[in-house]
Amino acid sequence: MNPPTALEFTAIDFETANRDNASVCQVGVVRVESGMVVARDSWLVIPPTGVESDDFDPGNIRIHGIFPSDVRKKGITWQQSLDRLQTFSRGTALVAHNVSSDRGAFEAACLASGIAPPALRWEDTLVIARRHLQLENYKLPTVAAHVGIRKFKHHDAAADAEACAQIAIHVANEIGASDIDDLWPVRKRSSSTAQHLYYDRASTAKSSELPQPSADADERHPLYGQMVVLTGDLDDMARWDAFEAIAAVGGIPQKGVTLKTTVLIVAGYDRIPANYNPSLGTGKERKAGEYIERRGREITFIGASDFREALAWAPAEDSYPPAVLDLEDDNPGQPEVEPVYGPFTNEHG
């Protein structure tokens, strides 16, 4: 395969003033053309959620060092920020590390500003790092160090975007990817509107508005009766479509991890590796891990391929489903969830 001479994208990172995704206060971008960094930019943003002192969480300030006075002096509005980003990116795909966080911030800021989030292509360096690199963990500083960036100002949007760009370039060179579609094969969505609905439907719907379990679902299905949460983006299914698929087989989709959660789909993995450690993952992974360790909850972590296999399950005569379930011989009709990190199996208890 040829070197990544056609590799083009814009790496991006956001910092926020508080826990509200819409509170964007800094943007960092790096444009890559022909497999090389050709432009950089960063700017402060007046958060759509407000710019008063109590709009900035002290914890966030400790992390990124941005104060309300900084954005009042030098910040631009979100509309101006959006215009600047679109001019800079020149229509290229946006790439971030743990993209669900940055994409969520982008789309939340749009909605908070009364702007319909534009339909853009988003890709994730966390996904390709997990897929192609063997590391202790896949946090941005760890992956950045692996590709040769030993020191950078983590949580500065410009520095994080630069690290993200270099990770993508490194992986492209490692695997011989010539363009962005080699790094992230184009996804097939189940509907033309799924991409646009990523944030404003799946993420803004109330729990009561999520798809409800089908009354016709097979009680033997591996996801039947399970409280299921998704973290990350599935390559071939929009988040709302995943919710509907879970409900169709009798599962109960959840937006976030709670004490009732029994299954967490980690979309960044095809299958959960043997050395998996949820404390090094996304916020949902960390929370689920804490519930297991500290609260004694039973939560099973599964990868994207495990999830697809579960959805494809069909009953055979006198059989019960392989799953996150352990079907005990003395009571085969009552599934029991095992707190394990791993794929579905074809073994019964």
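List of remarks:
- Peptides 53-66, 152-165 ordered by average Cβ neighbours within 10 Å, highest first: 152-165, 53-66
- Lysines whose Cα lies under 23 Å from that of LYS153, excluding same-chain neighbours fewer than 8 positions away: LYS73, LYS74, LYS139
- Spatially proximal lysines relative to LYS260 (Cα-Cα < 19 Å; intrachain offsets below 8 disregarded): LYS206, LYS284, LYS287
- Charge dipole of region 23-76 (Cα centre as origin; +1 on each Lys and Arg Cβ, -1 on each Asp and Glu Cβ, all else neutral): 220 debye, rounded to the nearest 20.
- Rg over Rh [alpha-carbon atoms, Kirkwood Rh] for region 1-111: 1.02
- For region 38-93, the relative contact order is 46 percent, taking Cα pairs closer than 8 Å that sit 6 or more residues apart in sequence and dividing their mean separation by the residue count.
- Accessible surface computed residue by residue for region 1-51, with neighbouring protein chains in place and a 1.4 Å probe, gives 40 Å² per residue.
- Here region 103-193 exposes an accessible surface that is 50 percent carbon and sulfur, computed with a 1.4 Å probe and the other protein chains kept in place.
- Applying both filters, DSSP loop and at most 10 other Cβ atoms within 10 Å, to the trypsin sites (Lys or Arg not before Pro) of region 1-56 gives ARG19.
- Note on surface exposure: THR300, THR77, THR262 rank THR77, THR262, THR300 by accessible area, highest first, 1.4 Å probe.
- Between ILE115 and ASP218, residue separation times 0.36 nm minus the direct Cα-Cα distance comes to 32.9 nm.
- For the listed peptides 12-18, 277-283, 230-236, 254-260, a ranking on the average number of other beta carbons within 10 Å per residue, highest first, reads 12-18, 230-236, 277-283, 254-260.
- The length gained by stretching the chain between ALA274 and ALA145 to full extension, at 0.36 nm per residue less their Cα-Cα distance, is 44.1 nm.
The values are calculated or read from the model by the stated rules, or taken from the named source; none is laboratory data. Nothing here was measured: the structure is a model prediction, and the numbers come from that model. Here the Cβ is made from the backbone with ideal geometry for all residues, glycine too, and neighbour counts use every protein chain on show. Remember, those area values only see protein heavy atoms, side chains included, never the ligands or the DNA or RNA. Shrake-Rupley method; radii C 1.70, N 1.55, O 1.52, S 1.80 Å.
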